[in-house]
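Reading through the structure tokens given below for one structure.
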């Protein structure tokens, strides 16, 4: 076999085990950093509200599936978790997944077949878009 030919698929090298204390520390650092940033953004927003920043919504009036994500950040930084959840529950769930990834969420997620993961992500994007259309009163009643 020449060096230009690809070999059969090989398993990736094993990932070294990370001690639980370090993974918990990583979650706390992520949470602390995100929390500090959210408080700073909320304070900045209270001093100067730029209005709608989503380009799609600003140009067309139609929200995108991630509309409300900045609002989630601002509401969390202002100490209003329910308002954050109502602004975009999908962003909150995604953020929690990123926050807790060091505890094994990433390995759990990657345990699903790629097709399943893609289906879940597309489904979440569609549901999120409908949530935004409903939240902003753009769906017929």
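Any read-out appearing in this document is the output of simple, stated calculations on the displayed coordinates, not a laboratory observation. Here the structure is a predicted model, which is why all the values come from computation and not from measurement. Heads up, the Cβs are rebuilt from the backbone with ideal geometry, glycines too, and the neighbour counts pull from every protein chain shown.
As an equivalent ellipsoid, the chain spans semi-axes of 35, 23, 14 angstrom, where each value is the square root of five times an eigenvalue of the C-alpha gyration tensor, largest first. The angle between the Cα long axis of helix 20-47 and the main principal axis of the chain comes to about 30°, on a 0 to 90 degree scale. Panel values: the stretch 31-111, Kirkwood radius from alpha carbon pairs, Stokes-Einstein at 20 °C and 1.002 mPa s, translational diffusion coefficient 156 µm²/s. Between residue 126 and residue 23, the FRET efficiency estimated from the beta carbon spacing at R0 = 35 angstrom works out to 0.60.
In deg cm²/dmol and to the nearest 500, what is the mean residue ellipticity at 222 nm of the chain if only DSSP H runs of at least 4 residues count, each as -39500 (n - 2.57), divided by the residue total?
Only helices count here, giving -20000 deg cm²/dmol.
Each label was represented as a point 7 Å from its Cα along the Cα-to-Cβ direction; for residue 43 and residue 60 these points are 3.8 nm apart. Taking the chain as the reference, fit the longest principal axis to its C-alpha atoms, fit the long axis of helix 89-99 to the helix C-alpha atoms, and give the angle between the two in degrees, 0 to 90, nearest 10. With rounding to tens, the tilt is 40 degrees.
Note on the chain: with a GNM built from Cα contacts shorter than 10 Å, the maximum mean-square fluctuation among 40, 17, 124 falls on 17. Extension gain, residue 134 to residue 116: 0.36 nm times the residue separation minus the Cα-Cα distance gives 3.8 nm.
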